[in-house]
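Note sheet for the following structure.
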Amino acid sequence: LTALVNGRNVLGAVCGEFSMNLAIDKAKEHGIGWVLANNSNHYGIAGHYAMMALEHGFIGMSWTNTSPIVVPTRAKTPALGTNPIALAAPTDRQDPFVLDMATSAVALGKVEVSNRKGEKLPLGWSVGRDGLPTDDAA
């Protein structure tokens, strides 16, 4: 009912798909499947993997850790990751319940898009080297 997958530094999406399919197979056999993966890379949208369980009538969970890029309150240097969390559960209605979130104020991808477009950030999304709020996405 459990497994540990060594990603061997492959693309995160490959390791994520493999791991979630393994968890689903284990859940079909044992009623629950719990799979951990390590030595992998960025795996994309956490909600995708959690939602894979829905087509089998299961609750799906997927989360990961990231490098420290989030500056804690009243700090100047990054100490936390965005640490995405996703949960998907079937309901008795047409649409399932799906939660897909980061533990940061905003997903890093939104900051990266703003930087590429040369747009300013809303205050509260980022801090400068001095630890004060900034609207500079770079």
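What are the pairs, 6+ residues apart or on separate chains, where a residue within the stretch 1-12 that is farther than 22 Å from LYS26 by Cα has its Cβ under 7 Å from a residue that is in a loop (DSSP other than H, G, I, E, B) and of a type in the set (Ser, Thr, Tyr)?
VAL10/SER40
Quick one: which of ALA89, ALA105, ALA79 is farther than 27 Å from ILE32 by Cα and surrounded by 13 or more Cβ atoms within 10 Å (Cβ to Cβ)?
Criteria check complete, one pass: ALA105.
Which count do you get for residues in the stretch 51-76 that are in contact (Cβ under 8 Å) with a residue 12 or more places away in the chain and under 24 Å from VAL111 (Cα atoms)?
The number of residues fulfilling the criteria is 13.
Among the listed residues ALA37, ALA27, identify the single one that is surrounded by 14 or more Cβ atoms within 10 Å (Cβ to Cβ), within 17 Å of the chain's Cα centre (by Cα) and either on the phi > 0 side of the Ramachandran plot or aliphatic (A, V, I, L, M) (or both).
Going through ALA37, ALA27 in turn, just one is surrounded by 14 or more Cβ atoms within 10 Å (Cβ to Cβ), within 17 Å of the chain's Cα centre (by Cα) and either on the phi > 0 side of the Ramachandran plot or aliphatic (A, V, I, L, M) (or both): ALA37.
Scan the stretch 13-32 for residues that are within 17 Å of HIS48 (Cα to Cα) and in contact (Cβ under 8 Å) with a residue 12 or more places away in the chain and jot them down.
Result: ALA13, CYS15, GLY16, GLU17, PHE18, SER19, MET20, ASN21, LEU22, ALA23, ILE24.
Hey, ASP130 hits all of (1) touching a helix residue (DSSP H, G or I) at 6+ places or on another chain (Cβ under 6 Å); (2) open to solvent by less than 90 Å² (accessible area, probe 1.4 Å) but one; which does it fall short on?
ASP130 satisfies all of (1) touching a helix residue (DSSP H, G or I) at 6+ places or on another chain (Cβ under 6 Å); (2) open to solvent by less than 90 Å² (accessible area, probe 1.4 Å) except (1).
Can you find, within the stretch 108-126, the residue that is farthest from the chain's Cα centre (by Cα) among those that are surrounded by fewer than 16 Cβ atoms within 10 Å (Cβ to Cβ) and small (Gly, Ala, Ser)?
GLY118
From the list ASP135, ASP100, which one is charged (D, E, K, R) and open to solvent by less than 70 Å² (accessible area, probe 1.4 Å)?
Just a single option satisfies the conditions, and that option is ASP135.
In the stretch 1-12, how many residues are farther than 9 Å from ASN41 by Cβ and among the aliphatic types (A, V, I, L, M)?
Of the residues in the stretch 1-12, 4 are farther than 9 Å from ASN41 by Cβ and among the aliphatic types (A, V, I, L, M).
The values are calculated or read from the model by the stated rules, or taken from the named source; none is laboratory data. Note that the coordinates shown come from a computational prediction; the quantities given were computed from them, not determined experimentally. Here the Cβ is made from the backbone with ideal geometry for all residues, glycine too, and neighbour counts use every protein chain on show. Accessible surface areas use protein heavy atoms only, side chains included; no ligands, DNA or RNA. Shrake-Rupley method; radii C 1.70, N 1.55, O 1.52, S 1.80 Å.
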